[in-house]
Structures are given as C-alpha cells and as structure tokens.
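The values are calculated or read from the model by the stated rules, or taken from the named source; none is laboratory data. Just so you know, these numbers come straight off a predicted model, no measurement behind them. Cβ: placed from backbone, ideal geometry, glycine included. Neighbour counts: every protein chain shown. The area values use the complete protein model at the heavy-atom level, side chains included, leaving out ligands, DNA and RNA. Shrake-Rupley method; radii C 1.70, N 1.55, O 1.52, S 1.80 Å.
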Amino acid sequence: MHTRRKFIKISALGLGATALTGGAANWVVGASTKKTISAGFSQAAGWRKVATYCEVCFWKCSGWAYVSPEGQIQKITGNADDPQCNGRLCPRGTGGVGMFNDPDRLKTPLLRVTKNGEQTYREASWEEALDFVAGKMKEIKEKHGAESMALFNHGSSGRYFTYLLNAFGSNNVVAPSFAQCRGPRDTGFDLTFGESVSSPEVTDIRDTKCLVLIGSHIGENMHNGQIQEMSEAIDKGAVIITVDPRLSTAASKSKYWLPIKPSTDIALLLAWIHVLIYDDLYNKEYVGQYAEGLNELKEHVKDFTPEWAYGITTLKPELIRHSAREMANAAPSVIVHPGRHTSWYGDDVQRSRAIAILNGLLGSWGNRGGLFFKEGVKLPEFPHPEYPKPSWSWQETLNGRYPLAKEAITNTIIEASIPGEGKEHVIKGWIVSGTNLVVSVPLKEQLMKAMQSLDLLVVVDTMPMEITGYADVVLPECTYLERYDDLRAVPHREPTLALRMPAVEPLYETKPSWWIAKQIGERIGLGDFFKYNDLKEVLDWQLKQVGSSLSEMERIGLKKYPRKTPVYIEPGSAHQFATESGKIQFNSAELKAYGFASMPVYTPHAEPEAGYYRLIYGRAPMHTFSRTANNRNLVALMPENSVWVNPQVAELWGLKKNQYVWLKNQDGVISNFPVKVRITERIRWDSVYIVHGFGHHHKPLTYAYGRGVNDTELITQIAIDPTMGGTGMRGNFITFLKEEPKKEAKL
Ligand SMILES: Nc1nc2c(c(=O)[nH]1)N[C@H]1C(S)=C(S)[C@@H](COP(=O)(O)OP(=O)(O)OC[C@H]3O[C@@H](n4cnc5c(=O)[nH]c(N)nc54)[C@H](O)[C@@H]3O)O[C@H]1N2
Ligand SMILES: Nc1nc2c(c(=O)[nH]1)N[C@H]1C(S)=C(S)[C@@H](COP(=O)(O)OP(=O)(O)OC[C@H]3O[C@@H](n4cnc5c(=O)[nH]c(N)nc54)[C@H](O)[C@@H]3O)O[C@H]1N2
Ligand code: SF4
Ligand SMILES: [Mo]
C-alpha cells in the first residue's frame, strides 16, 4: 500500500523542456512577451500602477505593482493610504516579484501516470486535468459521501476551494495556521474576553507605553504594521519587555530582556499575576467593572511568588518584580502581546490564558495603547444557493477530544485519512492549496501514510514544493501579481477595503484559483454556485453594495470607511465583553466544565538529555516560512539558515564558526542536509535556534534544494493541547554530527 503514491521529483522527468526554456527567458525579460492588462493608469515613465495586496505573508499589505510599457513588473511599493503598511512594504513584499519571476514555477497541469511500471507525471491540458479531478470527486461522493473530501489551505486561494467544498457538501476545511499556529492564542483569548485578537492583531502598539513580548519576535516576525508601530512607540519612549531565551531583535531594543529557560513561561506569567495582585498594582477600577473571578485568581496565585518562579525560569525575582511594576505604571496603555505562533509546549491555551488575564488585570483591552475594538467593512456574499448540510464534519474526526477546537485540526484530518478498523468517518480525497504540508506539519510518517491511502490528492500551488510530489494532479496557480482575488476586508483600527488585480496576464498555462474552483464546480453539477463568468463581476457587485465599484478600486487600490463604533471603551460606559456574562473571565467556567484547570497552571516539560539541546525555531525578516526559500530576490538577502549555538556549547563540541554540521534529534532522525554553525551569545546554552523554512529536499526548487536545514523533519515529538488540539512542537532536542552520517541512517 505504501508504494501506491510514490513521491515524484518533477525535475527528474525532463518535463516540459520547452516550458522550462520559456521560464528561463522570462526570468531575464520578465513578462515582456505577454500582453498586459489595460486597467490602471499612466505614470510619467509610461509605467502603469496596478493595485494589489501582498501575498508573501498574511498581513496583506496593500500596494502598487509598477508595470513598464513592455509589460515587465518593475517594482512593488506600498499603498500610502493603507494603515496596515503606511506606504512601506517589508523586504519580502518588495521582493514579491521574485515569485512571479521564479524560473522554477509550475507551468502546466500535471497528471500522475505509470509508464513502464514507474510512476511519473505528464503534462496535461486544463481540460483533461479538471475532468480528472471532477470525475474522482464524483466517484468519492458516490462511494463515500461528499464529506470524505477535505481541503488543506493557507492564503487567498483557499477561499474558493472552501466555497467549492461547501457547495459539494463538505466542511472539512483545515489549515496548519490553526493547530500549528494561532489556535491556542485564539482559544485562550476567546475563553477570557469572548473573542480572539484577530489578524492583523488588535494591538494598539502605536500608542502604547509598555509592550511585553513573550516569545513574540517582532522585528524578525516581520508583520509590517506592528513593526512600524513598535518603532514609533519606542521613539515616544515606550518600555519594551521581551521574554525570550534568545536575544531576539526585539530583545535588543528592550529595556528588560528576560532570557527565560524555554518552556517555563507559565511560571513567569503566574508570578507576574501574583505581583500585580499582591503588591496591589492591578487596575482596580477596570477589574471591578469589567472582570469576574478575581478572588479565585488571587487565591490560585498565592504561592506563585517571583522566588518560586526563579527556581523554574532562572529569572531573578527582582527582574520579575521590576518588570511587573513597569507594566502597572503604564497601565492601561500596556500590551502583553498575545503572540501569534503559539503552539509550543502543549499547554499553550493555559499560557495564552495567563497572557489574557494579565491584560485583563492591567485593563488594556478597550483602552488607548492597549487592545482596541476592531471594525471592518461588511461585504455581502455574492448570492448563491444554500449549501447542502453535511451529515458529518471535522468535529467527528476529533472523536471526543479537544472540545474547545473552534477550527479543524490538521493532524486529526490527516489521521482520519488513514483507514482503520471500525473507523466511521474516513477522508478519501484532499485538495491542498497554498500549504506545503510536508514542511509545515509535524509527524511526517503519519502524513505519508495518509497521503498513500487517499483516492485523490490534488495540489494547487505556484511552485514545485515538496507537497506537489505526492499529488495525483498538480494544478498550477498564477501568482498574486497575475490575478484578481477577493477583496481584503479584514477588520482593524480603521475599516478598509483593498483590491488585488492582475499586473500582467498569467505566465505559462497558470490560472487563478477562483477559475480552477469554478471549473471543477461546473463539472460536478454545481454550476448554480458559480453564476458569473469572471471574478470581476463578483467584486463589482460586492463593491456596489458598499458604495464603491471595481473601477473606483482599480484606481485607488484601497478605500477607507468611517468607523461606526468606538475604538476604545467610552469613559463611564457599561461595556460588555463578548463572554456569556459580558465580563472578562479570570476563572473559566467553560474550561472547568470540560474538566480542565479553570485557571492557568504551570506544568514542567521534558528536558534535554546530556549532549542534547532544545530545538527552537522562528522567523527571519527576509523570508516567509518555506515559501520564499527559492525566491531569487530574497535569497540574495539570506541564502540559507544557520544553527545558533552558544559559545560554551561550541567550545564543548569543538565547533567552529561557519562549520557545517548535521543535526540528529532525540529519536535518531538526522537532518537531510548539513547546516552552518553560528556561534553567538544571543542564545542560551540549553537551546539551539534555527529559522524555519529551509532545507528543501525537492530538486525542482533549483535554488533552495539542499540549502540549510528543515526544522520540521526534526520535530518527531509533539505535545497536543488537550483543550483544542494545538500541536506543540518545541519538545524536541538535537545533538550535533560533525561528520556526514551514512546515507541509510537518514530519513
Ligand atoms: N517546524 C515548523 N512548522 C511550522 C512553523 C514553524 O515555524 N516551524 N510555523 C507554523 C505556522 S506559524 C504556520 S502559519 C504554518 C504555515 O504553513 P503553510 O500553511 O504550509 O504555509 P506556507 O508555508 O506559507 O505555504 C506555502 C505554500 O503555499 C504556496 N503558495 C504561495 N503562494 C501561493 C499562491 O498564490 N497560490 C497557491 N495555490 N499556493 C501558493 C507555496 O508555494 C507553498 O507550497 O506552518 C506552521 N508550521
Ligand atoms: N519574516 C517573517 N515574518 C513572519 C512570518 C514569516 O514566515 N516570516 N510568519 C508569520 C506567522 S504566520 C507567524 S505565526 C508569526 C510567528 O511569529 P511569533 O508569533 O513572533 O513567534 P514564534 O514563532 O512563536 O516565536 C519565535 C520566538 O520564540 C522564542 N522562543 C522559543 N522558545 C521559547 C520559550 O519557551 N519561551 C519564550 N518566551 N520564547 C521562546 C524564539 O527564540 C523566537 O524568538 O510570524 C509572522 N511573521
Ligand atoms: S508584511 Fe511584508 S510580506 Fe507580509 S504582506 Fe506586508 S509586505 Fe507582504
Ligand atoms: Mo502562523
């Protein structure tokens, strides 16, 4: 069974020699051979300025692509009216054109075939590829029910396939950006305040007097608006407190750096809560009016003194006290940042709850310089028939686990795709769009087993990423610079709408996802759900409902709308939070009802054995996950990752600067490739740090292949959060191999 779907290296096929040559030529001359689209308006140099929003990460900065009369995309800049970027893009957004120019892009649909007993891909027409997908989906529906189709997604394209699946009769839609990312924080804040902090986060950093970052490495985590606001706040004298085992960029700009022993944050948070309550520093008026459960919380944290926390976190009691006092001095203009990637140690909802409670004690939500109330433009949905009601959905794949999961969990959908005796709810087909599961989801063996068991695996991507090698059908999407997409309508401080339109026509045989989803839909009898010829019709219709039009948006790119509701709590108002009682929950009845601790508790986690170091990972400013490792504009800024090692450790191991080593984890898994050693005091001796997203092992990524190391392959242990299924990935430990390991020892 395990050889049913063999991994195919697209490059090994000598595939599309002509397409590849075409690619190389286009890499040099851009899109000059292609017709450009006539919308937009003239610049002095004859360049057109075309409205877009960035897809290099999910901050979605609004910007302009400048296109020369020859049809080349010359540059991309930020839209000055956009409060999310204020006219400035980050290095990744500026380099986004490298996605369009990438010579390794997917160029035509590909179909898996067996030739002389060997599995391979052949180029296919869209007609053929779409017919194949539609045929298989119909078959799956007849045999197993529509619910047996699942979608894995990330980014703009996921929306159209979500719609397709909902119309088909399935709501098994899942994204690693929940269980592997923001899920624990969303759940923790939801339990406490009745709502999550959203994306972009509702942090009022611009006007804060004190910003507390707990493992949130803003500056390397390059969320544009946050960074701009953070430097504005620093200029205005804000105090930054950073808790990180590594001297992050943010830590280097901080008044207090708390180099915590990794995995012990909850002890620190409990001690901070203790100091705020027992030293009488919390915001009494706010807590009295808006929160409940203070007495229970006070009793709960009685013994969690800074001295107690010192023994766990290695942070000096005075440092804990002083930093707590700084927060209280700044309150309510203080933010204990909720973080974003919060699936760390398996008790992450508890940690996020502690962070939420601190914000509650300080009175930050609803006050200037704290967390604000968001508002967005409500766009009506384009009319469509009612979705059929699925007879089961992702909740059933939980089998009674993770009762607080508000979104589907990647690993349970993967698990549900492996048939087993007595398993009632089995997934038989996947559409995967905009997510490179092989690099983003831990537990590779489980993933491989699931992919081998499927009846259908469709991958929609722009690049030949690892995941494409497992597909039955690969559908090449055009990049964000070559397509219309849904309007950006995310709520934030100011309601805005932003448009993405094509700067140039799609290169090669690539197509936008809205078109792909519609084509599949029509082939499986769902034409009524796609009653438009072009997404432009949908956008124009939606815009006209909110007093604009597509032609206006093509001209301005971004439109601001006046707020109808207050940004902060109006003085004296009886504000109700979105919890059941309307009050902030220090002691969560909901957690208690499910048998979980109703207030945060500290639990010790596994420690490295002698000779091993905790593997921690994060971001670099010039890359996004694994998606940019082949982008020629961005690799010029950072070609590969390195492993950060403390000088004491380097000395112990005799490691030299820039030496290449292989990493081996606690389960004997060895990295596919060697990685450069960076010796630095900026990391604690008990941990090593690597930037996620490198070490690609798919040869068609001609630049990224073999450069650096992939953290995911070394994450073979996960700690699952029992409340909502988040997969904590930081309980893995590595050691160094100075010699190249024997081939058979590798994964
Ligand atoms: N080990 C480890 N694992 C992690 C993380 C980590 O730090 N370390 N981070 C976690 C976090 S925070 C998150 S949010 C997830 C993110 O993980 P994913 O959801 O996998 O997100 P990306 O890495 O952005 O997805 C990249 C895929 O999208 C494709 N793509 C890019 N643009 C387009 C497009 O326009 N259309 C289509 N169809 N495809 C496109 C890329 O080519 C690539 O295959 O990973 C999580 N997993
Ligand atoms: N440039 C760039 N920016 C990005 C992204 C990107 O790919 N590239 N991705 C975006 C996405 S989707 C996300 S989710 C965010 C993720 O970014 P964040 O939410 O900011 O960060 P994390 O990945 O959780 O945390 C990384 C930091 O945690 C520290 N750390 C590790 N273990 C511990 C610990 O036990 N305790 C504490 N206190 N700190 C610890 C690490 O040293 C590192 O500095 O970044 C976003 N921004
Ligand atoms: S923060 Fe950077 S990569 Fe993300 S959307 Fe904005 S410009 Fe693009
Ligand atoms: Mo994320």
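Considering only residues that are of a type outside the set (Val, Ile, Thr), open to solvent by 20 Å² or more (accessible area, probe 1.4 Å) and assigned to a strand (DSSP E or B), look in the stretch 712-742 and name the one that is nearest to Cys181 (Cα to Cα).
Ala719
Against the condition more than 16 Å from ligand 1 (Cβ to nearest atom) and open to solvent by 10 Å² or more (accessible area, probe 1.4 Å), how does Asn633 come out, does it pass?
No: the conditions fail for Asn633.
If you scan the stretch 309-319, which residues turn out to be buried (at least 18 other Cβ atoms within 10 Å of the Cβ) and assigned to a helix (DSSP H, G or I)?
Answer for the stretch 309-319, where residues must be buried (at least 18 other Cβ atoms within 10 Å of the Cβ) and assigned to a helix (DSSP H, G or I): Ala309, Tyr310, Ile312, Thr313, Leu319.
Being over 16 Å from Cys54 (Cβ atoms) and in contact (Cβ under 8 Å) with a residue 12 or more places away in the chain is the filter here; which residues of the stretch 218-235 pass it?
If the condition is that a residue be over 16 Å from Cys54 (Cβ atoms) and in contact (Cβ under 8 Å) with a residue 12 or more places away in the chain, then Ile218, Gly219, Glu220, Glu229, Met230, Glu232, Ala233, Ile234 are the ones that fit.
Which condition breaks for Phe673 when tested against (1) surrounded by 19 or more Cβ atoms within 10 Å (Cβ to Cβ); (2) more than 16 Å from ligand 1 (Cβ to nearest atom); (3) of a type in the set (Phe, Trp, Tyr)?
With (1) surrounded by 19 or more Cβ atoms within 10 Å (Cβ to Cβ); (2) more than 16 Å from ligand 1 (Cβ to nearest atom); (3) of a type in the set (Phe, Trp, Tyr) applied to Phe673, the lone miss is (2).
Met99 fails exactly one of the following numbered conditions: (1) open to solvent by less than 20 Å² (accessible area, probe 1.4 Å); (2) within 16 Å of ligand 2 (Cβ to nearest atom); (3) more than 18 Å from His223 (Cβ to Cβ). What is the number of that condition?
In the conditions (1) open to solvent by less than 20 Å² (accessible area, probe 1.4 Å); (2) within 16 Å of ligand 2 (Cβ to nearest atom); (3) more than 18 Å from His223 (Cβ to Cβ), Met99 misses (1) alone.
What are the residues in the stretch 448-464 that are within 11 Å of ligand 1 (Cβ to nearest atom) and open to solvent by 10 Å² or more (accessible area, probe 1.4 Å), if any?
Correct list: Asp461, Thr462, Met463.
Are there any helices (runs of 4 or more DSSP H) wholly within the stretch 36-152 with 2 or more residues that are without any contact (Cβ under 8 Å) to a residue 12 or more places away in the chain, and if so which?
By residue number, 126-144.
Residue under question is Tyr484, and the condition is that it be of a type in the set (Ser, Thr, Tyr) and crowded, with 23+ Cβ neighbours inside 10 Å; does it hold?
Judged against the criteria, Tyr484 is not a match.
Go through the residues of the stretch 646-653 one by one and say whether even a single one is under 30 Å from Gly98 (Cα atoms) and open to solvent by 20 Å² or more (accessible area, probe 1.4 Å).
Within the stretch 646-653, not a single residue is under 30 Å from Gly98 (Cα atoms) and open to solvent by 20 Å² or more (accessible area, probe 1.4 Å).
Only one residue in Pro338, Pro388, Pro380 is in contact (Cβ under 8 Å) with a residue 40 or more places away in the chain and closer than 30 Å to Gly422 by Cβ, so which one is that?
Answer to the selection: Pro388.
Return the pairs, sorted by first residue and then second, in which the second residue is of a type in the set (Lys, Arg) and at pLDDT 95 or above, the first residue lies in the stretch 287-301 and is closer than 17 Å to Gly194 by Cα and surrounded by fewer than 21 Cβ atoms within 10 Å (Cβ to Cβ), the beta carbons are less than 8 Å apart, and the residues are 6+ apart or on different chains.
Glu292/Lys583
Considering only residues that are closer than 13 Å to His492 by Cβ and within 16 Å of ligand 1 (Cβ to nearest atom), look in the stretch 53-90 and name the one that is surrounded by the most Cβ atoms within 10 Å (Cβ to Cβ).
Across the stretch 53-90, the extreme among qualifying residues is Cys61.
For the stretch 481-491, indicate whether the set of residues that are of a type in the set (A, V, I, L, M) and within 16 Å of ligand 4 (Cβ to nearest atom) is non-empty.
yes
Would you pick out the residues in the stretch 333-357 that are away from ligand 2 (no atom under 14 Å from the Cβ), closer than 28 Å to Pro571 by Cβ and buried (at least 24 other Cβ atoms within 10 Å of the Cβ)?
If the condition is that a residue be away from ligand 2 (no atom under 14 Å from the Cβ), closer than 28 Å to Pro571 by Cβ and buried (at least 24 other Cβ atoms within 10 Å of the Cβ), then Val334, Ala356, Ile357 are the ones that fit.
Name the residue, out of Glu445, Glu421, that is modelled with pLDDT under 95 and within 24 Å of Lys143 (Cα to Cα).
Exactly one residue qualifies, and that residue is Glu421.
Taking the stretch 56-87, which residues are charged (D, E, K, R) and near ligand 3 (Cβ under 8 Å from one of its atoms)?
If the condition is that a residue be charged (D, E, K, R) and near ligand 3 (Cβ under 8 Å from one of its atoms), then Lys60 is the only one that fits.
Report the residue count in the stretch 142-170 for those that are of a type outside the set (Ser, Thr, Tyr), under 23 Å from Pro419 (Cβ atoms) and either buried (at least 20 other Cβ atoms within 10 Å of the Cβ) or within 16 Å of ligand 3 (Cβ to nearest atom) (or both).
Selection size over the stretch 142-170: 8.
Which is closer than 29 Å to Lys511 by Cα, open to solvent by 10 Å² or more (accessible area, probe 1.4 Å) and of a type outside the set (Val, Ile, Thr), of Lys136, Lys209?
Residue meeting the stated conditions: Lys136.
Name the residue, out of Ile260, Ile277, that is β-branched (Val, Ile, Thr), assigned by TED's automatic domain parsing to the domain that holds Ile205 and either open to solvent by 70 Å² or more (accessible area, probe 1.4 Å) or not in a loop (DSSP other than H, G, I, E, B) (or both).
Checking each option against the conditions leaves just Ile277.
Determine whether the stretch 580-593 contains at least one residue that is assigned to a loop (DSSP other than H, G, I, E, B), in contact (Cβ under 8 Å) with a residue 24 or more places away in the chain and among the aliphatic types (A, V, I, L, M).
no
For the stretch 199-255: of the residues being part of a loop (DSSP other than H, G, I, E, B) and acidic (Asp, Glu), which is farthest from Leu270 (Cα to Cα)?
Filtering the stretch 199-255 for residues that are part of a loop (DSSP other than H, G, I, E, B) and acidic (Asp, Glu), the one farthest from Leu270 (Cα to Cα) comes out as Glu220.
Does Thr187 fit the bill of being surrounded by fewer than 23 Cβ atoms within 10 Å (Cβ to Cβ) and either within 16 Å of ligand 2 (Cβ to nearest atom) or assigned by TED's automatic domain parsing to the domain that holds Ile584 (or both)?
Criteria not met by Thr187.
Looking at the stretch 332-361 only, could you name the residues that are of a type in the set (Val, Ile, Thr) and out of contact with any Asp or Glu (no Cβ under 6 Å at 6 or more places or on another chain)?
Val334, Ile335, Val336, Ile355, Ile357 - these are the residues of the stretch 332-361 that are of a type in the set (Val, Ile, Thr) and out of contact with any Asp or Glu (no Cβ under 6 Å at 6 or more places or on another chain).
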